[in-house]
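The values are calculated or read from the model by the stated rules, or taken from the named source; none is laboratory data. All values derive from a computational prediction rather than experimental measurement. Neighbour counts are summed over all protein chains in view; Cβ atoms, including those assigned to glycine, are modelled from backbone coordinates with ideal geometry. In case anyone asks, the SASA skips ligands and DNA or RNA and just uses the protein heavy atoms, side chains included. Shrake-Rupley method; radii C 1.70, N 1.55, O 1.52, S 1.80 Å.
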Amino acid sequence: MTEASALMKLQELDLELLKCASTLASMPQQARLKTIALAAKKVRSELTSIVGQRKDAELEIADVEANLAHYHEKTAEVQATADSGAFTHREVRDIEQQLTSLAKHIEKAEFTLGPLRERLERLARAEKNARLTAEKIEVERKATEESLTHDSAELRAKIVELSRERDRVAGGVSAEHLASYETARKRFKGLGVERLRGNVPSVCRVKLQPSSFHDLAQGEEITECPYCHRILITSEEVEGE
């Protein structure tokens with residue numbers, strides 16, 4: 001295989017690889033995996049928020065419970081003092097005021113705990129549901145990936161085969177021409193090489209002027225189209241190339 005033929009073959013292989021990649025990307029499982037990924041991201045975000053709120057609620061309850069325990073302990077101390085002996089009228093009044101104040105604090109703390117515990121229960125349920133949803137999404141993701149792997153096995157095998165053939169063919173192209181090919185391939189969306197048929201390039205199809213055609217015919221087999229600047233093969237295509 002000549003270098004010119006290798007360039008044409010390389011383009012043919014790359015176009016086929018692009019087609020395979022496009023087919024692989026358009027498989028329904030690919031779209032489903034994107035949807036699953038978005039759903040998983042949303043659930044993770046919600047779960048992070050719920051866990052944060054649940055921990056805050058637990059800390060808030062712990063603080064109120066600690067205060068409540070302190071008030072009960074202090075009430076017991078004051079009551080023990082009151083039961084320990086006789087006091088003046090003023091001392092009795094002070095003790096009663098302390099007990100009244102502590103009772104109000106206890107009542108307020110117990111009243112505060114009710115809604116906090118209800119909120120914690122709601123957050124715990126929400127967290128449990130979010131984790132169950134995340135688990136279901138993960139199960140679906142694995143099943144979809146398995147389905148994609150199964151349905152695309154033949155296509156992936158073809159891609160591997162084409163890639164190996166591409167490497168082999170690329171070995172027959174000089175570093176200079178290979179670099180030019182890669183640049184043209186990216187610039188022209190895969191169609192970076194054309195062959196001269198008569199005096200018309202096969203891709204851009206702009207008829208060459210006689211002077212340009214003469215110069216190209218007398219020049220190198222691998223050159224550049226004067227109009228579109230793709231790689232231009234000036235030799236005729238040989239049967240079986």
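A few notes on this one:
- Residues of the stretch 97-128 that are surrounded by 14 or more Cβ atoms within 10 Å (Cβ to Cβ) and of a type in the set (S, T, N, Q): Gln98, Ser101, Thr112.
- Which listed residue is surrounded by fewer than 17 Cβ atoms within 10 Å (Cβ to Cβ) and among the β-branched types (Val, Ile, Thr), from Val173, Val200, Val193: Val200
Residues are listed down the side, and each one gets a yes or a no for (1) in a helix (DSSP H, G or I); (2) within 30 Å of Gly171 (Cα to Cα); (3) in contact with a helix residue (DSSP H, G or I) (Cβ under 9 Å, 6 or more places away or on another chain); (4) of a type in the set (Asp, Glu):
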{"site": "Met1", "(1), (2), (3), (4)": "no, yes, yes, no"}
{"site": "Ala6", "(1), (2), (3), (4)": "yes, yes, yes, no"}
{"site": "Gln11", "(1), (2), (3), (4)": "yes, yes, yes, no"}
{"site": "Leu17", "(1), (2), (3), (4)": "yes, yes, yes, no"}
{"site": "Ile50", "(1), (2), (3), (4)": "yes, no, yes, no"}
{"site": "Leu59", "(1), (2), (3), (4)": "yes, no, no, no"}
{"site": "Ala66", "(1), (2), (3), (4)": "yes, no, no, no"}
{"site": "Ala69", "(1), (2), (3), (4)": "yes, no, no, no"}
{"site": "His72", "(1), (2), (3), (4)": "yes, no, yes, no"}
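- Unmet criterion (only one of (1) assigned to a helix (DSSP H, G or I); (2) without any contact (Cβ under 8 Å) to a residue 12 or more places away in the chain) for Gln79: (2)
- Residue count for the stretch 150-170, restricted to those that are open to solvent by 60 Å² or more (accessible area, probe 1.4 Å) and in contact with a helix residue (DSSP H, G or I) (Cβ under 8 Å, 6 or more places away or on another chain): 3.
- Only one of Val78, Val43, Val92 that is of a type in the set (Val, Ile, Thr) and either closer than 25 Å to Glu135 by Cα or open to solvent by 80 Å² or more (accessible area, probe 1.4 Å) (or both): Val43
- Test: Ala86 is without any contact (Cβ under 8 Å) to a residue 24 or more places away in the chain, more than 60 Å from the chain's Cα centre (by Cα), at negative phi and not in a helix (DSSP H, G or I): yes
- Residue match in the stretch 47-62 (condition: out of contact with any Phe, Trp or Tyr (no Cβ under 8 Å at 6 or more places or on another chain), surrounded by 15 or more Cβ atoms within 10 Å (Cβ to Cβ), over 30 Å from Ala143 (Cβ atoms) and at pLDDT below 95): no
- Contacts under 8 angstrom Cβ, first residue in the stretch 107-134 being more than 16 Å from Leu59 (Cβ to Cβ) and without any contact (Cβ under 8 Å) to a residue 40 or more places away in the chain, partner assigned to a helix (DSSP H, G or I) and open to solvent by less than 100 Å² (accessible area, probe 1.4 Å), 6 or more apart: none
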